[in-house]
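S.K.: Quick one: the structure is below, and I'll ask about it shortly.
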C-alpha cells in the first residue's frame, strides 16, 4: 500500500504522542502514586449505608495513624451529611480519606479547588484520599444531577489550623 | 441505449448517459431515496430548532442573566429536551438522511423498497415523538408525564414509561435503517462481484456495524431494566450496571455523531475546496479504526465511579488514546486535501494558500470552521481521557465546553454546511437566502468560541455542569484564568449567537423548502473527482467487514467481559436500588431541607 512520506511522518508523530500521553498517566499512577477511585470501597447498603460494616455514622474519625483522618459522608437528595447543615472540619497538615456513599440516587462529591471528585453510586462506597497542607475553606458541590433540587446540594469543608482543631470535640 | 448494436456503441451510450445523469439532480435520479432523505432532514432540522431555543433558555438561566422563562426546578426538563433533541434526534435523523443519500449515490441505485424505508423512518419518528411528549409533558402539571432524567437517564431516577418505550422504538428504527443500507449494498455486490466497495458505502457500513455492536448495551439497559422498572414489573436495579451499559453505548454514540461529519470531510469537503481527496486508503483505515476502537472505551466516562477496578479504567484509557489516531489521520487528510484544492485554485506559500479557499461558499466555510474547532475539541478531549487529570474536570462545565466543540460544532456545523450543499440536490431547488447562509457558519463559530472557551475555564474553577444555579450561598468559585462574571457574560452572549445561528440555518432551509423548483440552476452537483491515491492503493483486506466486526467484538469482550461479569455475578439486580421517580421533588426537598 502506498503511503505518502508526509503521511508516514505524521503517523509516527501521532503514535509517539499517544504513547507519551499513556506514559504520563502511567507515571502518575505508578511513580507519583495518584490513586484513582476504584473498587476497594466495596458495596454498602443502597438505601442506608450506615447499616453496613464498611460504613459508619457520618462524621470525622481518627485514621489508622497520627495525622490521618477518615471522613464518612452520606449523600442524599439534596444534602451532604456532614457538609451541608454543618461543615466537615479537618485540621491542616493532615491526610484525609473520604468514604462517600449515597442513600438514594447518583450524586457527585466534588471538593472545589482540589482533585477530590468522585461519583456516589447507590450500593457502592467511593474511597478517595487527599492531603491538606493549608488552612482554608473549600466548597463541596454535587456535580451529578440528582433531581429537581440538585442546584441546592452543596456544603463546605473547613481545613482549620491544627492549633484550633479540638480533636475530642471534632472527632467521633 | 438498450438497442445498441455492438459493444462499443453501448459503452459510448452508457457513458453519455452517465454524464447526463450526473447533471440531473439527485432527486430526479433517485426519487425514493431523495424523499426519505428529505423526511429525515425535516425531522432533524425541527429538532435542531427546538433544541437551540432550549439552549438559549439554559445559557441565560445558568448565568443568571435572565431567569424569567422557567423555574429552576424546570431547568432539568429543558436540559433533558436540549440533550435528547440535539444529541439524539437532530444528529441521528440527519445521519439517517445522509446515509440514505450516500448509499444510493455511491452504489448508483435507488432504495430497494421505498415502503420499508418509510417504515423505519416512521418508527424512528414515532419513537422520537413519544420521547419528546414524555419530556415536555413535565412542564404541564395536568399531564402525568415526567422525564427530566437528562439524556443519560441514570437509574434509579425514573422517568415515565413512555420515555423508555419511545427510545426503544426509535432505536429499532435505526437498526432497520442500517438493514436497508446493508441490503442495498448486498444487491449491488450481487451485480458487481469483485469490485471495491465505493468509499461512501464503505463508511456507512463500518459506521452501522459499530452502531449494532454498541447499541446492544443501551437496548439491554432499556428493555431488561429501565422499562420494566418504570412499569413496576421489577422493583429494583443495580445503578452501577445500568450506568455501565449506558456508557458502553454512550461513547460509540459520540462517533455516530461524528461519522457523518467525517463522511462529509472525506468525500465532499475536498471537492468544495476545489481539489480532491488526498487518500482513499487512509479514509478506509480511519473508519476501520473507529469500528474496532469506539466501543471498548466506555469506562473513560466512569473514571470517577466506585465499584470499577483501576485496571479496567486503564484499559479503557489506553484504547481511548489510540482512538486519537484516526482523528489525527483525519486532520492530516482533511488539511492536505484542502491545501491541494487551494493550490489548484492558484494558492501558494506556506500559509497564504488558505486565502485561496472558497470562504464565501457556506458549505465549505461551515465544514472548514467545524474542522478547525474539532482540533480544539480534540485537545480538550485528551485532557478528559487522561484518567488522573480527569479528576480536575470530571462533571464540571469543562465537559460540556468540550462536547460543544465536538458534537456541537464538528458534527452540528458540518451537518448544517452539508445541508447547504445537499438539500438543493434532494429537492431540486436552488438554495434560498444565500446571503444568510454565507454569514451563518461565522455566527456559529464566533458564538461557540465565546461560549466554549468560557465553559472550559469555568470547569477548571470547579463550576459543575448540569445545574440550574451554579451560584452557592456557602462559597464562591475562584477563577484560574479570567473572572467568573466575565465567563458568565461570554456564555450568555455565545449561547445567544448560537441560537441565532441555528435560527438562520432553519430560515434558509425553510425558504428553500417553500421555493419553487426551477428558480435558477442548482449551484451544486454530486460528481466527485477521483482521489489522488485511489482505492486501488488500499489493501483488499480493508473491505473485509466480517473480519473487522469480529476484531471489534473481541476487543469489547476484553474490555467489558470481566467487569460486567463481576457486576452481574452478585445478581443482575443487586445491589438492589429502588426507583426514585422524577417529579415528586417537593416532599423530598421538604424532608431534607425543610
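The values are calculated or read from the model by the stated rules, or taken from the named source; none is laboratory data. Only a predicted model underlies this, so the values are computations on that prediction, with no experimental measurement involved. Counting neighbours? That spans all protein chains shown, and the Cβs are built from the backbone with ideal geometry, glycine included.
S.K.: What is the number of the single condition among (1) more than 9 Å from chain B (Cβ to nearest Cβ); (2) over 19 Å from residue A:96 (Cα atoms) that residue A:26 does not meet?
M.R.: Every condition holds for residue A:26 apart from (1).
S.K.: Okay, moving on. Can you name every residue in the stretch B:127-152 that is assigned to a loop (DSSP other than H, G, I, E, B) and either free of Cβ contacts under 8 Å to residues at least 40 places away in the same chain or touching a strand residue (DSSP E or B) at 6+ places or on another chain (Cβ under 9 Å) (or both)?
M.R.: Passing the criteria: B:140, B:141, B:142, B:143, B:144, B:145, B:146, B:148, B:149, B:150.
S.K.: Hey, another quick one. Quick one: in the stretch A:146-172, of everything that is within 17 Å of the chain's Cα centre (by Cα) and farther than 21 Å from residue A:69 by Cα, which residue is nearest to the other protein chains (Cβ to nearest Cβ)? Spell out the reasoning first.
M.R.: First, pick out the residues of the stretch A:146-172 that are within 17 Å of the chain's Cα centre (by Cα): A:153-159.
Subsequent filtering for residues that are farther than 21 Å from residue A:69 by Cα retains A:153-154.
On the way: A:153: 9, A:154: 4 Å.
Here the residue is A:154.
S.K.: How many residues are modelled with pLDDT of 95 or more, surrounded by fewer than 23 Cβ atoms within 10 Å (Cβ to Cβ) and in contact with a helix residue (DSSP H, G or I) (Cβ under 7 Å, 6 or more places away or on another chain) if we restrict to the stretch A:100-137?
M.R.: 2
S.K.: Give the residue that is farthest from residue A:166 (Cα to Cα), with candidates limited to residues of the stretch A:84-101 that are within 14 Å of the chain's Cα centre (by Cα) and at the interface with another protein chain (Cβ under 9 Å from one of its Cβ atoms). Lay out the reasoning, then the answer.
M.R.: Our first condition is that a residue be within 14 Å of the chain's Cα centre (by Cα); within the stretch A:84-101, this holds for A:88, A:95-101.
Applying the additional criterion that residues be at the interface with another protein chain (Cβ under 9 Å from one of its Cβ atoms) yields A:100-101.
Values: A:100: 24, A:101: 26 Å.
Ranking the qualifying residues of the stretch A:84-101, first place goes to A:101.
S.K.: For the stretch B:498-520, name all the residues that are under 24 Å from the mean Cα position of the chain (by Cα) and either without any contact (Cβ under 8 Å) to a residue 24 or more places away in the chain or part of a loop (DSSP other than H, G, I, E, B) (or both).
M.R.: Scanning the stretch B:498-520 gives a single hit, B:510.
S.K.: Also, quick follow-up: In the stretch B:474-498, which residue that is touching a helix residue (DSSP H, G or I) at 6+ places or on another chain (Cβ under 9 Å) and at the interface with another protein chain (Cβ under 9 Å from one of its Cβ atoms) is surrounded by the most Cβ atoms within 10 Å (Cβ to Cβ)?
M.R.: B:477
S.K.: Tell me, which residue of the stretch A:123-142 that is more than 12 Å from the chain's Cα centre (by Cα) and within 8 Å of chain B (Cβ to nearest Cβ) is farthest from residue A:41 (Cα to Cα)?
M.R.: For the stretch A:123-142, the residue satisfying everything is A:137.
S.K.: In addition: Given the stretch B:222-289, what helices (runs of 4 or more DSSP H) lie entirely inside it while holding 3 or more residues that are farther than 21 Å from residue B:405 by Cα, modelled with pLDDT of 95 or more and within 14 Å of another protein chain (Cβ to nearest Cβ)?
M.R.: B:239-250
S.K.: While we're here: For the stretch B:156-167, which residues satisfy the criterion of being closer than 19 Å to residue B:576 by Cβ and either within 24 Å of the chain's Cα centre (by Cα) or more than 9 Å from chain A (Cβ to nearest Cβ) (or both)?
M.R.: Once the filter is applied, which keeps residues that are closer than 19 Å to residue B:576 by Cβ and either within 24 Å of the chain's Cα centre (by Cα) or more than 9 Å from chain A (Cβ to nearest Cβ) (or both), the stretch B:156-167 yields only B:158.
S.K.: Of the residues B:425, B:432, which is in contact with a helix residue (DSSP H, G or I) (Cβ under 9 Å, 6 or more places away or on another chain), more than 26 Å from residue B:83 (Cβ to Cβ) and part of a helix (DSSP H, G or I)? Write out each step before concluding.
M.R.: Numbers: B:432 fails: part of a helix (DSSP H, G or I).
Residue meeting the stated conditions: B:425.
S.K.: Answer yes or no: is there a residue in the stretch B:359-372 that is over 23 Å from residue B:94 (Cα atoms), part of a helix (DSSP H, G or I), touching a residue at least 12 places away in the same chain (Cβ under 8 Å) and more than 24 Å from the chain's Cα centre (by Cα).
M.R.: Scanning the stretch B:359-372, I find no residue that is over 23 Å from residue B:94 (Cα atoms), part of a helix (DSSP H, G or I), touching a residue at least 12 places away in the same chain (Cβ under 8 Å) and more than 24 Å from the chain's Cα centre (by Cα), so the answer is no.
S.K.: Next question. When the stretch B:170-198 is examined, which residues are found to be touching a helix residue (DSSP H, G or I) at 6+ places or on another chain (Cβ under 6 Å) and touching a residue at least 60 places away in the same chain (Cβ under 8 Å)?
M.R.: Correct list: B:170, B:176, B:177, B:180, B:181, B:184, B:185, B:188, B:196, B:197, B:198.
S.K.: Moving on to the next point. Here are the criteria: (1) within 14 Å of chain A (Cβ to nearest Cβ); (2) touching a residue at least 40 places away in the same chain (Cβ under 8 Å); (3) part of a helix (DSSP H, G or I). Tell me which single one residue B:541 does not satisfy.
M.R.: (2)
S.K.: Return yes or no: is residue A:50 part of a helix (DSSP H, G or I) and within 30 Å of residue B:237 (Cβ to Cβ)?
M.R.: Yes.
S.K.: Kindly indicate the residue of the stretch B:348-358 that is surrounded by fewer than 20 Cβ atoms within 10 Å (Cβ to Cβ) and outside any helix (DSSP H, G or I) and also farthest from the other protein chains (Cβ to nearest Cβ) among those meeting that condition.
M.R.: B:358
S.K.: Do we find a residue being at the interface with chain B (Cβ under 8 Å from one of its Cβ atoms) and more than 22 Å from residue A:140 (Cβ to Cβ) anywhere in the stretch A:48-61?
M.R.: Within the stretch A:48-61, not a single residue is at the interface with chain B (Cβ under 8 Å from one of its Cβ atoms) and more than 22 Å from residue A:140 (Cβ to Cβ).
S.K.: Condition (residue is without any contact (Cβ under 8 Å) to a residue 60 or more places away in the chain and either crowded, with 23+ Cβ neighbours inside 10 Å or under 22 Å from residue A:108 (Cα atoms) (or both)) applied to the stretch B:412-420: is it met by at least one residue?
M.R.: Yes, the stretch B:412-420 contains at least one residue that is without any contact (Cβ under 8 Å) to a residue 60 or more places away in the chain and either crowded, with 23+ Cβ neighbours inside 10 Å or under 22 Å from residue A:108 (Cα atoms) (or both).
S.K.: A follow-up question, please. Of the numbered conditions (1) under 30 Å from residue B:429 (Cβ atoms); (2) within 14 Å of another protein chain (Cβ to nearest Cβ), residue B:465 satisfies every one except a single condition; which is it?
M.R.: Result: residue B:465 fails condition (1) only.
S.K.: If you check residue B:336 against the conditions, is it surrounded by fewer than 24 Cβ atoms within 10 Å (Cβ to Cβ) and at the interface with another protein chain (Cβ under 9 Å from one of its Cβ atoms)?
M.R.: Judged against the criteria, residue B:336 is a match.
Quick grid of which residues meet (1) under 21 Å from residue B:244 (Cα atoms); (2) within 27 Å of the chain's Cα centre (by Cα); (3) more than 10 Å from chain A (Cβ to nearest Cβ):
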{"residue": "B:522", "(1), (2), (3)": "no, no, yes"}
{"residue": "B:550", "(1), (2), (3)": "no, yes, yes"}
{"residue": "B:563", "(1), (2), (3)": "yes, no, no"}
{"residue": "B:571", "(1), (2), (3)": "yes, no, yes"}
{"residue": "B:574", "(1), (2), (3)": "yes, no, no"}
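S.K.: Next question. Please find, within the stretch B:384-406, the residue that is surrounded by the fewest Cβ atoms within 10 Å (Cβ to Cβ) out of those that are more than 10 Å from chain A (Cβ to nearest Cβ) and closer than 19 Å to residue A:21 by Cα.
M.R.: The selected residue is B:384.
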